[in-house]
Amino acid sequence: MAAGTLYTYPENWRAFKAQIAAQYSGAALKVASSAPAFTFGQTNRTPAFLNNFPQGKVPAYQGDDGFCLFESNAIAHYLGNDVLRGATPQASAQVLQWVSFADSEIVPPASTWVFPTLGIMQFNKQATEQAKEDVKKVLGVLNQHLNTRTFLVGERVSLADITVACSMLWLYKQVLEPSFRQPYPNVTRWFVTCVNQPQFKTVLGEVKLCEKMAQFDAKKFAEMQPKKDAPPKKEKVPKEAAKPQEKKEKKKEEKKPEPEEMDDCDAALAAEPKTKDPFAELPKSTFIMDDFKRKYSNEDTLTVAVPHFWENFDPEGYSIWYAEYKYPQELTEVFKSCNLISGMFQRLDKLRKNAFASVLLFGTSNNSCISGIWIFRGQNLAFTLCPDWQIDYESYDWRKLDANSEECKTMVKEYFSWEGEFKHVGKAVNQGKIFK
Ligand SMILES: N[C@@H](CCC(=O)N[C@@H](CS)C(=O)NCC(=O)O)C(=O)O
C-alpha cells in the first residue's frame, strides 16, 4: 500500500484527484500544503524539491520509500487501486480515455470561462463565448454517455469519475447555473452522486452547485495582478543569465509587453504576502544597470561592454563580488552543474534590476568547478534582503573585490567575456572546457 506525502497548495483541484484516489485505496497520504512543510512558490523552487520534481510544479508526490512522481493524473493512478484504474484491459483503457478527455476537452474551456470569474484571468468576451460553447459540447457528450450509466466506466467509481468530476468542480461551483445545466440532467445527477460519495466528501467537503452564473470580477482581477515586487512569473529567463539568453530577452523587451494573464497557479503566487523593495532605501546611483545590460547583450563585450562598465561603474552605489561554489567535488555531469547555475538565476529573477552576474562552469564531468563575478546594488550581498534569495548563496564562498584592483579588472574582463587565463581557477579543471 502506497504511503507518502502530496505537496500542493490548499484547495488545488488537481491534488484532489490524488487525495480522493487515496481515500478509495486506503493509501496513507499526508498532504503538505502549508508552512513549515511546504510553501507554494518557495519550497517548490528549492534545489532539493527540483531535484525530485524538475518542473517545480504541484501536485507532486514523494513516497515514504523515496519514490517520486509528478503530474496529478499519474499520482492519482499510483495512489488508486485496481478498481479505480479499471480492472480489465478495456476498462483501464476507458479510464484513460476519460482522463485524457478531461485534460484536453474540459480543462481548457473550463479555465477560460471560470478563471475570469475568480479574478485570476482577464475577461475576453469572444474567448468566453467560445468556451461556453465548448463546455456545452462536453456536457452533451457526457450527458449522452451517462444516459444509461451511473458512472463513466463500469458500475463503480473509477479514476474516470474522479478526474472528470474534479475537472468540472469549478464549473459546477461558479458558472453552471440551473438554466445552463438544465439540458444535461444526467451529468448533474452523476456529478452530484460523485461528490456525495464519502471518499469525495472527505476531501472536497460539501459542494454547493452554482445558483447564479458568476461574471468577470474586474475588482478582484485588479487586486490579484502581481505587484512589481510580487514573485516572478515562472518561465521568464533572468537578465543575469548567460549571454545568449540575454540576447533573446532583449528582443522580447523591445516589444511592448502584452498584458500578462494569470493562471490559477500565478494567482496563488500573487496571493503570497508581498515584501517591500529591499533596495528602496539606497541613495540614487549614477550607474544604470539597464544601460550596461543593453550594451552587454547587444555589443561586443571586450571593446564596448567592458569599457562602458568601467566608465560608468559607481563604487559607492554598487559592489563587485567573486563567488566560488563550495562543493566542486559534488559536481558530476556537466548538464546538472549547468542546471544548478541556471536554477540559481531563476530563483533570483527578482534581483534582475539590481544585480548582474556572469557565472562559469569550468572543466569536464566529475572534474569541474563553478565561479563567477557578481555586481550588486549596494555594498553588501543582497541575498539576505529577501528570504526567496537565500536558497543557493550559502553554497558559495563570496569575496568582495576592490574595484580599483588589477585582480578585479582582470576578473571582470575574463568573466564578462568568458575568455582569458582564469589563473585563480585550479589547473586541473581550467584545462577543460568552459561552459557558460
Ligand atoms: N499537468 C500538471 C499541471 C501542474 C501545474 O501546472 N501546477 C501548477 C499549479 S496549478 C504549478 O505548480 N506551477 C508552479 C510553477 O509553474 O512554478 C498536473 O496535472 O499535475
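Within region 340-377, the set of residues being touching a strand residue (DSSP E or B) at 6+ places or on another chain (Cβ under 7 Å), of a type outside the set (A, V, I, L, M, F, W, C) and within 21 Å of residue 390 (Cα to Cα) comprises 354, 358, 371, 372, 377.
Could you look through region 392-426, keep only residues that are surrounded by fewer than 19 Cβ atoms within 10 Å (Cβ to Cβ), in contact with a helix residue (DSSP H, G or I) (Cβ under 7 Å, 6 or more places away or on another chain) and part of a helix (DSSP H, G or I), and pick out the one that is modelled with the highest pLDDT? Only one residue tops the list, namely 413.
Restricting region 67-106 to residues that are under 21 Å from residue 16 (Cβ atoms) and among the β-branched types (Val, Ile, Thr), the residue that is farthest from the ligand (Cβ to nearest atom) is 83.
When you look at residue 337, is it part of a helix (DSSP H, G or I), in contact with a strand residue (DSSP E or B) (Cβ under 7 Å, 6 or more places away or on another chain) and surrounded by 19 or more Cβ atoms within 10 Å (Cβ to Cβ), yes or no? Considered against the rule, which asks whether it is part of a helix (DSSP H, G or I), in contact with a strand residue (DSSP E or B) (Cβ under 7 Å, 6 or more places away or on another chain) and surrounded by 19 or more Cβ atoms within 10 Å (Cβ to Cβ), residue 337 comes out as yes.
The condition (being of a type in the set (S, T, N, Q) and at pLDDT 90 or above) is satisfied by just one residue among 342, 337, 319: 319. Is it the case that region 109-123 has a residue that's buried (at least 19 other Cβ atoms within 10 Å of the Cβ), within 33 Å of the chain's Cα centre (by Cα) and within 22 Å of residue 24 (Cβ to Cβ)? No, region 109-123 contains no residue that is buried (at least 19 other Cβ atoms within 10 Å of the Cβ), within 33 Å of the chain's Cα centre (by Cα) and within 22 Å of residue 24 (Cβ to Cβ). It is to be established whether one or more residues within region 54-66 are assigned by TED's automatic domain parsing to the domain that holds residue 34, within 9 Å of the ligand (Cβ to nearest atom), under 30 Å from residue 344 (Cβ atoms) and of a type in the set (S, T, N, Q). Within region 54-66 (the criterion being assigned by TED's automatic domain parsing to the domain that holds residue 34, within 9 Å of the ligand (Cβ to nearest atom), under 30 Å from residue 344 (Cβ atoms) and of a type in the set (S, T, N, Q)), the answer is yes, since at least one residue qualifies. Is one or more of the residues making up region 31-45 within 11 Å of the ligand (Cβ to nearest atom) and within 21 Å of residue 169 (Cβ to Cβ)? Yes - at least one qualifying residue is present in region 31-45. Where helices (runs of 4 or more DSSP H) fall entirely within region 147-227, those with at least 1 residues that are at pLDDT below 95 and out of contact with any strand residue (DSSP E or B) (no Cβ under 8 Å at 6 or more places or on another chain) are at 218-224. Within region 1-13, restricting attention to residues that are under 15 Å from residue 168 (Cα atoms) and surrounded by fewer than 22 Cβ atoms within 10 Å (Cβ to Cβ), which residue is nearest to the ligand (Cβ to nearest atom)? Taking the candidates together, the pick is 13.
The values are calculated or read from the model by the stated rules, or taken from the named source; none is laboratory data. The shown structure was predicted, so the numbers you read here are calculated from the model rather than taken from an experiment. All Cβ positions, even for glycine, are placed from backbone atoms using ideal geometry, and neighbour counts span all protein chains on display.
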